[in-house]
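> What follows is a structure written as structure tokens; I'll ask about it next.
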Ligand SMILES: [Zn+2]
């Protein structure tokens, strides 16, 4: 499934000195049963109204419907908490152990699956935030806080209402204003402090081989990361079972390669190549 040509590119990168970077998206966590929340799985019904994820996952909505937005996120958090890392997450942590000084993981996933006992990946940059945490909606501090354990996870139905007492737990310990989920909303842009914008662009420049796994590249940061790697003659290998606009672009690049397979099996093959050649 990994061609001889691509295997040689991986071996050349291992023999080199530059960073080996993995940019991962929702496709990696799909095998753990976590939906993307961009499509139909993200739809949210409140009474007679249906919200799209692009409507409810916004600062604009949070400012007028704190409880609805939190309830949607608490439902997503419950799905993430029940999920377990799949082989792909585990292989990434094994690869980190093989090349700890050169490994970077840039992840769009907010599900926390890189940080479980069986994964425990260290060099991770979360560019869309982390659902395990909340932060002050007024930005009085840049710190993030764990979601209080007393908050009850929500389902899609009305069996788990969002209570007044719970809303009192979702306040900033510093100033008492409401907290928000620590994630990038659809109507916000990346920044350095919360989403490592400059750091990941720098990593991309220092990267000799960039793997792109399970992302449709729907936001512009993944595209910039790819551009930065290519500018310095790095190679890019896209692993994605399905075609999308992003993968078609990769086809046209001089240093772009594709593996049209699922992420876990491909990551196992990559880990074995690295193991043999470090
Ligand atoms: Zn505050």
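> Looking for whichever is outside any strand (DSSP E or B) and in contact (Cβ under 8 Å) with a residue 60 or more places away in the chain here; the options are 237, 250, 225. Which one fits?
Just a single option satisfies the conditions, and that option is 225.
> A follow-up question, please. I'd like the full set of residues that are within 22 Å of residue 175 (Cα to Cα) and surrounded by 18 or more Cβ atoms within 10 Å (Cβ to Cβ), limited to the stretch 146-161.
147, 151 - these are the residues of the stretch 146-161 that are within 22 Å of residue 175 (Cα to Cα) and surrounded by 18 or more Cβ atoms within 10 Å (Cβ to Cβ).
> Okay, moving on. Do you know which of the residues in the stretch 143-163 that are more than 28 Å from residue 193 (Cβ to Cβ) and out of contact with any helix residue (DSSP H, G or I) (no Cβ under 9 Å at 6 or more places or on another chain) is modelled with the highest pLDDT?
Per the criteria, the residue is 163.
> Go through the residues of the stretch 182-205 one by one and say whether even a single one is outside any helix (DSSP H, G or I), within 16 Å of the ligand (Cβ to nearest atom) and touching a strand residue (DSSP E or B) at 6+ places or on another chain (Cβ under 9 Å).
Checking the stretch 182-205: at least one residue is outside any helix (DSSP H, G or I), within 16 Å of the ligand (Cβ to nearest atom) and touching a strand residue (DSSP E or B) at 6+ places or on another chain (Cβ under 9 Å).
> Of all strands (runs of 3 or more DSSP E) completely enclosed by the stretch 1-61, which ones contain at least 2 residues that are modelled with pLDDT of 95 or more and closer than 21 Å to residue 112 by Cβ?
Where strands (runs of 3 or more DSSP E) fall fully within the stretch 1-61 and carry at least 2 residues being modelled with pLDDT of 95 or more and closer than 21 Å to residue 112 by Cβ, they are 19-24.
> In the stretch 162-176, what residues are near the ligand (Cβ under 10 Å from one of its atoms), surrounded by 13 or more Cβ atoms within 10 Å (Cβ to Cβ) and either without any contact (Cβ under 8 Å) to a residue 24 or more places away in the chain or not assigned by TED's automatic domain parsing to the domain that holds residue 46 (or both)?
Result: 171, single match.
> Condition check: surrounded by fewer than 20 Cβ atoms within 10 Å (Cβ to Cβ) and closer than 30 Å to residue 206 by Cβ. Does residue 18 satisfy that?
Against the criterion (surrounded by fewer than 20 Cβ atoms within 10 Å (Cβ to Cβ) and closer than 30 Å to residue 206 by Cβ), residue 18 qualifies.
The values are calculated or read from the model by the stated rules, or taken from the named source; none is laboratory data. Note that the coordinates shown come from a computational prediction; the quantities given were computed from them, not determined experimentally. Positions of Cβ are backbone-derived with ideal geometry, glycine not excepted, and every protein chain shown enters the neighbour counts.
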